[in-house]
1. Select from Ala345, Ala309, Phe363 the residue farthest towards the positive end of the dipole of the range 259-412; place +1 on Cβ of Lys and Arg, -1 on Cβ of Asp and Glu, and compute about the Cα centre.
2. Enumerate lysine pairs in the range 257-347 that are 8 or more residues apart or on different chains, then count those whose Cα atoms are under 13 Å apart.
3. Ile312 to Lys272: extension gain in nm, 0.36 nm per residue of separation minus the Cα-Cα distance?
4. Taking H placed 1.01 Å from N in the peptide plane, check which residues at least 5 places from Gly406 or on another chain put their amide H under 5 Å from its amide H.
5. Simple spin-label model, 7 Å along Cα-to-Cβ: Glu319 to Leu336 in nm?
6. Using the beta-carbon distance between Asp365 and Gln279 and R0 = 45 Å, what value does 1/(1 + (r/R0)^6) give for FRET efficiency, to the nearest 0.05?
7. Would you mind getting me the FRET efficiency between Lys239 and Ser374? Use the beta-carbon distance for r and R0 = 51 Å, nearest 0.05.
8. Past 26 Å, Cα to Cα, is the threshold; run Lys50/Lys158; Lys58/Lys137; Lys69/Lys137 against it and keep the listed order.
Amino acid sequence: MGGTLTKRKENRSNQVDVTGIIGNKDPKICFDSNSQIVDNDKLQNLSSEKKLKQRLKKKENEVKRALEKAERKEHEFKRAQEQAEFHHQRSNQVDVDVTGISGNKDPKICFDSNSQIVDNDKLQNLSSEKKLKERLKKKDDELQRALEKVERKEDELKRALEQAEFYRQRKEDELKCAQEKAEVYRQRFSKLASAKMTEGNPNIADLSDPNRPTNLATKYKELYDNEWTNAYETLTKNKFGYYGKEAIKLLREIVVECYEQCMKISKEQWEKMATVLSQRKTENADKTLKEIGFQETEFKDLKKFRRMATKISSNKIVEKVKGTLWEDEKLDVALLQELETYIEACTRLSWEMALQDPPLHMFWDLKQDDPPNSMFQTYTQSGTKVSYVVWPCLLRQEGGDLLAKGVYQLYK
């Protein structure tokens with residue numbers, strides 16, 4: 001008994017209320033120290049279930065005693081029958097001596113009203129036999145009543161067992177429902193905690209995202225090593241008339257233009273989404289979405305859904321950026337066609353960077369004669385002053401950590 005009470009106290013002390021979980025209003029749900037779900041109703045009904053079990057045990061004992069009593073009555077009835085049979089056989093064995101009927105002195109022999117010989121012992125036994133039969137009848141009635149009582153007890157026990165099974169099944173259903181609710185709350189809590197931890201936090205990367213910042217930084221370096229080099233060779237051919245610094249400046253302007261256009265389109269798209277969802281014009285999409293009830297998890301989901309369409313949407317973005325470059329007269333048609341591979345690669349990568357949360361940031365704003373900067377590496381010659389930027393560096397966010405170094409030309 002002491003061990004049971006101790007165990008109950010330990011179970012109570014190990015319960016953890018999850019009422020504080022976001023949206024949880026169900027006081028029936030809690031966790032123990034092993035993260036097992038405990039139903040408070042079940043804990044409260046342990047006492048009533050124990051009383052019901054004690055009642056069932058008491059009923060079983062009563063039935064057992066009734067059966068034993070019925071068995072004793074049956075044995076008594078059997079013995080009484082055997083005794084009656086014995087007396088009956090004895091009464092049939094009457095020894096009548098008629099040698100001296102006229103002067104009969106034997107007290108065992110007499111005549112009835114019809115002058116029939118009657119044994120006095122038999123007459124005496126007739127009364128005791130009658131009493132015995134009455135006793136047997138009484139015992140039989142008692143046995144019948146005992147059997148009826150046993151049957152009633154069995155019916156009561158059966159009903160009690162059915163009731164106990166009903167309550168047990170109901171508690172199992174309630175516990176299962178509580179477990180399902182707890183699982184929903186646990187998932188919501190986990191998702192909310194994850195969203196709060198990663199929302200707008202560039203230092204925590206989603207490893208399931210193939211376009212996470214570190215992967216984009218790798219692509220950014222490859223873009224400079226491959227597409228930029230090929231485009232530089234194309235520009236420096238005699239038919240276009242670009243040489244050295246002029247070709248480098250044009251390629252830098254193209255990648256910067258692609259990045260700025262993608263950032264602009266991304267912001268406009270996010271504002272349109274907020275306008276569609278709120279049905280009102282907005283200038284601050286995040287503020288509007290929060291005002292209509294969006295939580296951190298919904299923000300994260302919306303941005304994730306938008307990134308899922310990157311491959312499809314990037315085709316349209318590439319066409320828009322090409323049109324902008326042509327309209328601004330930065331490139332003529334012939335040069336646009338020659339640099340199409342470079343422009344497309346810059347645009348697709350810039351679009352992926354713009355959809356990050358927060359967006360990745362290109363930095364190229366170094367002035368001539370600025371001192372050397374650790375975020376850049378030299379192009380062809382070293383020096384003590386900056387001449388011009390060849391390739392922007394890439395930051396995790398504006399003012400954030402460095403993901404990929406840029407390239408600049410120095411001079412003494």
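Derivation of every value follows stated rules applied to the coordinates shown; laboratory data play no part. What you see is a predicted model, and the numbers here were worked out from it, not measured in a lab. Using ideal geometry, Cβ is built from the backbone for each residue, glycine included, and neighbour counts are taken over all protein chains shown.
1. Ala309
2. Numbers: Lys264/Lys272; Lys264/Lys320; Lys267/Lys303; Lys272/Lys281; Lys290/Lys300; Lys322/Lys330.
Taking the Cα cut-off of 13 Å, the pair count is 6.
3. Values: separation 40, 0.36 × 40 = 14.40 nm, distance 1.81 nm.
Gain on extension, Ile312 to Lys272, equals 12.6 nm.
4. Under 5 Å from the amide H of Gly406: Phe376, Gln377, Cys393, Leu394.
5. Modelled inter-label distance: 1.3 nm.
6. Working: r = 39 Å, r/R0 = 0.87.
After rounding to 0.05, the efficiency reads 0.70.
7. 0.85
8. Values: Lys50/Lys158 18 Å; Lys58/Lys137 31 Å; Lys69/Lys137 17 Å.
Going by Cα-Cα distance, Lys58/Lys137 fall outside the 26 Å limit.
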